[in-house]
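Taking it in order: structure first as structure tokens, then the write-up.
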Amino acid sequence: MNITHEELSLRCQKVSKALMDNGCEAVLLRSIPNHIYLTGSVFLGFTFLKAGEAPIFFAEKPSQALAGYDRAHLIRKPEQMPEILAEYGYEINGKTCIESSTLPYAEYQRLSKVSKDGTFSPIDASVLMRTVRSVKTSVEIEIIRQAALPHMEIYKIAPSLFKKGMTDLEWQFAIEYEMRKRGSIGVFRCFGPRMEIFMGNIAAGNNANISAPYDFTMGGQGVPAMPMGASGQVISEGMTLMLDMAGNYSPYNTDITRVYSYGKVDQKAIDAHNLSIEMHRYFESQVKPGVELAEVYNHCTKMAEEAGLSAHFMGQDHQVKFVGHGVGIEINEPPVITPRWKGVFEPGMVMAFEPKFVLAPTGALGIENTYLITETGVENLTPLPEEIVYL
């Protein structure tokens, strides 16, 4: 097993409570992030969990992820599941929820045939599970805490990897190589069928002002097959470089952004960067369980307005309407720090807070840290120097 029986039991209790709170009897899961949540690894197949019971795993291919689980079955097709479930006294029916918003329509149709009455609960298991996963167990928090260590090391050595005349891509290649040597798995998981990224993003100079077709804070030209991030331009004097590489050193992510500059930048850029740091001090001093997420967003926008930087906050030509998000098995987990999110911070949430500015043509400014929401406030899991580092 990749997680202990005790940890699995705790996670199943959380899922069971969410099911019962939403009037569901069971959940049928298909997605990789939710398989990771209940096994610690990836397998191809399904997880069935009846509220109050241990999960049953159906693997479509043999998998090491399920070694050590008593209730694991190898199947050739999903139509075999009802017969196996009947042996446990279970069934898939209209009180079973599935990941309806993320399953392909053809797969949804096929799965409806394994339901006893041909229907499922109207509750979307994708939303339910992301909500469950938004509050971490102590084991998950420790995994994230340890995964942050090699992630932080990359930001410390990044300046030593820079050479005069480099392109943004060449600097990123050097950083990615060091990441892989330290255990980066190479890709990190995003929620959403139209979200893609590889290892992270370096936004250099005016490239930071180019919008990407993805729901990330920063954009960049990238290449046609991945129109985001570094463009291949030579790093030149007076240009900032925003380093936002993935903390993908375990099944769980951390998120860090720091800014470097080749040569000096003007006072307005320095002021914008320092304001981002001030916003982090506000976050660290004011956020605690029960505080509304929208309150944090609104306060940050007010700070940007009072500083005369509203036109550059969270982008310039294209501004996004959030300043942070949950982090976990996926890089973009709930909750989101946005005026539209009707919720509060809870103990055990792990949040990436990223108030940023774009001042074209200089580039992007601001920092991002990963925070744990504790019983009394917040803990910075990614403490690093925050000022602009001059290359």
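The values are calculated or read from the model by the stated rules, or taken from the named source; none is laboratory data. These numbers were taken from a predicted model, which means no experiment stands behind them. With ideal geometry, Cβ positions are generated from the backbone for all residues, glycine too; neighbour counts draw on all protein chains shown. Heads up: the accessible areas ignore ligands, DNA and RNA and are worked out on the full protein's heavy atoms, side chains in. Shrake-Rupley method; radii C 1.70, N 1.55, O 1.52, S 1.80 Å.
At-a-glance table
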read-out	value
Residue match in the stretch 335-352 (condition: assigned to a strand (DSSP E or B), touching a residue at least 24 places away in the same chain (Cβ under 8 Å) and closer than 18 Å to Leu243 by Cβ)	yes
So Val358, is it β-branched (Val, Ile, Thr), in the same structural domain as Glu379 (by the TED database) and not in a loop (DSSP other than H, G, I, E, B)	yes
Condition check for Asn209: under 15 Å from the mean Cα position of the chain (by Cα) and closer than 20 Å to Pro361 by Cβ	no
Looking only at the stretch 98-142, and only at residues there that are among the small types (Gly, Ala, Ser) and part of a loop (DSSP other than H, G, I, E, B), the one that is surrounded by the most Cβ atoms within 10 Å (Cβ to Cβ)	Ser121
Enumeration of residues in the stretch 331-349 that are β-branched (Val, Ile, Thr) and in contact with a helix residue (DSSP H, G or I) (Cβ under 8 Å, 6 or more places away or on another chain)	Val336, Ile337, Thr338, Val344
Residues located in the stretch 70-90, provided they are surrounded by fewer than 19 Cβ atoms within 10 Å (Cβ to Cβ) and in a loop (DSSP other than H, G, I, E, B)	Asp70, Arg71, Ile75, Arg76, Lys77, Tyr88, Gly89
Boolean, Ile197 is assigned to a loop (DSSP other than H, G, I, E, B) and not assigned by the TED database to the domain that holds Met349	no
Condition check for Pro62: open to solvent by 50 Å² or more (accessible area, probe 1.4 Å) and either outside any helix (DSSP H, G or I) or not aliphatic (A, V, I, L, M) (or both)	yes
Count - residues of the stretch 17-46 that are hydroxyl-bearing (Ser, Thr, Tyr) and either surrounded by fewer than 22 Cβ atoms within 10 Å (Cβ to Cβ) or assigned by the TED database to the domain that holds Ile329 (or both)	2
Residue ID - surrounded by the fewest Cβ atoms within 10 Å (Cβ to Cβ), chosen from residues in the stretch 175-222 that are among the acidic types (Asp, Glu) and at pLDDT 90 or above	Glu178
Pair list, Cβ < 6 Å and 6+ apart or interchain, from the stretch 151-168 residues that are within 22 Å of Glu368 (Cβ to Cβ) to residues that are aromatic (Phe, Trp, Tyr)	Phe162/Trp171
Some residue of the stretch 224-234 being farther than 30 Å from Asn274 by Cβ, small (Gly, Ala, Ser) and more than 19 Å from the chain's Cα centre (by Cα)	yes
Test: Leu372 is among the hydrophobic types (A, V, I, L, M, F, W, C), open to solvent by 10 Å² or more (accessible area, probe 1.4 Å), part of a strand (DSSP E or B) and on the phi < 0 side of the Ramachandran plot	yes
Residue in the stretch 62-72 that is among the hydroxyl-bearing types (Ser, Thr, Tyr), at pLDDT below 95 and within 23 Å of Glu140 (Cβ to Cβ) present	yes
Matching residues, the stretch 223-238, being crowded, with 21+ Cβ neighbours inside 10 Å and either at pLDDT 95 or above or more than 21 Å from Leu391 (Cβ to Cβ) (or both)	Met228, Ile235
Test: residue in the stretch 256-266 that is among the aliphatic types (A, V, I, L, M), on the phi < 0 side of the Ramachandran plot, open to solvent by 10 Å² or more (accessible area, probe 1.4 Å) and in a loop (DSSP other than H, G, I, E, B)	yes
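Yes/no per residue for (1) open to solvent by less than 10 Å² (accessible area, probe 1.4 Å); (2) under 16 Å from Lys136 (Cβ atoms):
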position	(1), (2)
Tyr297	no, no
Cys300	yes, no
Phe313	no, no
Phe322	no, no
Gly328	yes, yes
Thr362	no, no
Gly366	yes, no
